[in-house]
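A short write-up of the structure that comes next.
Every number in this text was worked out from the coordinates using simple rules, so none of it is lab data. Here the structure is a predicted model, which is why all the values come from computation and not from measurement. All Cβ positions, glycine included, derive from the backbone under ideal geometry; neighbour counts span all protein chains shown.
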Amino acid sequence: MSKKDNGGLTVIFAYLNEKNRPYSAQDVFNNLQKQHGLGKTAVVKAMEQLALEGKIKEKTYGKQKIYFADQAQFGEVSEADLKAIDSRISDLSTQVQAISQGCRQLDAELKELNSSLTTEEMMSEIQELKAECSGYRERLEKIKSATNHVTPEQKEMVYKERHLYVKEWKKRKRLASDMMGSILEGYPKTKKQFLEEVGVETDEDCKVTMPST
């Protein structure tokens, strides 16, 4: 037997004793192939040889063989030992939960720090805001110093004139619509053809919308 085969026997024997649970040859191959580079055939032969030598146990279930460590080598475990193991498992589980919670908290803090501005970025943003504020101040000063401000009286007059013009616009549009309706009663063509013949452009043609007031 080659040194590589002997090495495979040693690795598999140690693995089964360490894990102390049943495995098929395929399971052992999947678990050890990447780390130790063992081939499928070599694993099968090694496990069969270990079983023949009595170093591990073999059970056959249908067409599948299961291998596991010889339990005689571990000795008997008392009830007190089992309780101690259960207690140890419980303690370790509590520690795992506490560590996991701490990791989640640290991860959240890290994400918050990564999303925060650095000192350089914050200083740059402050400078941009100062420049923006300076621009607003200059604009405000220009508005204050201007001499062409509209007085409240002038503003009120503009609104009144606008209201008057819109009112007149509606009145004339209604009169034109009534006149056109009377003409179309005896006109042999469509409204569109009539408007084209007389050269009338409607608000819609000019894409103009009448204000509400």
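Here are some notes:
- Kyte-Doolittle mean at least 0.5, axial Cα span of 15 Å or more - DSSP H helices of the chain: 40-52
- Using only side-chain charges placed at the Cβ, +1 for Lys and Arg and -1 for Asp and Glu, the dipole size of the chain relative to its Cα centre rounds to 640 debye.
- Calculated P(r) tail over 23 Å for the chain, as whole % of Cα pairs: 78 percent
- Amide H contacts under 5 Å for residue 56, placed H, 5+ residues apart: 51
- If you take the Cα centroid of segment 20-54 and the Cα centroid of segment 152-213, the two points sit 96 Å apart.
- FRET efficiency, residue 92 to residue 19 (Cβ-Cβ, R0 25 Å, nearest 0.05): 0.90
- DSSP-loop GluC sites (Glu not before Pro) across segment 176-205, with at most 12 other Cβ within 10 angstrom: 201, 204
- Aspartates and glutamates with Cα under 16 Å of residue 192, excluding same-chain neighbours fewer than 8 positions away: 178, 201, 203, 204, 205
- Approximate spin-label separation residue 153-residue 82, in nm, with each point projected 7 Å along Cα-to-Cβ: 10.6 nm
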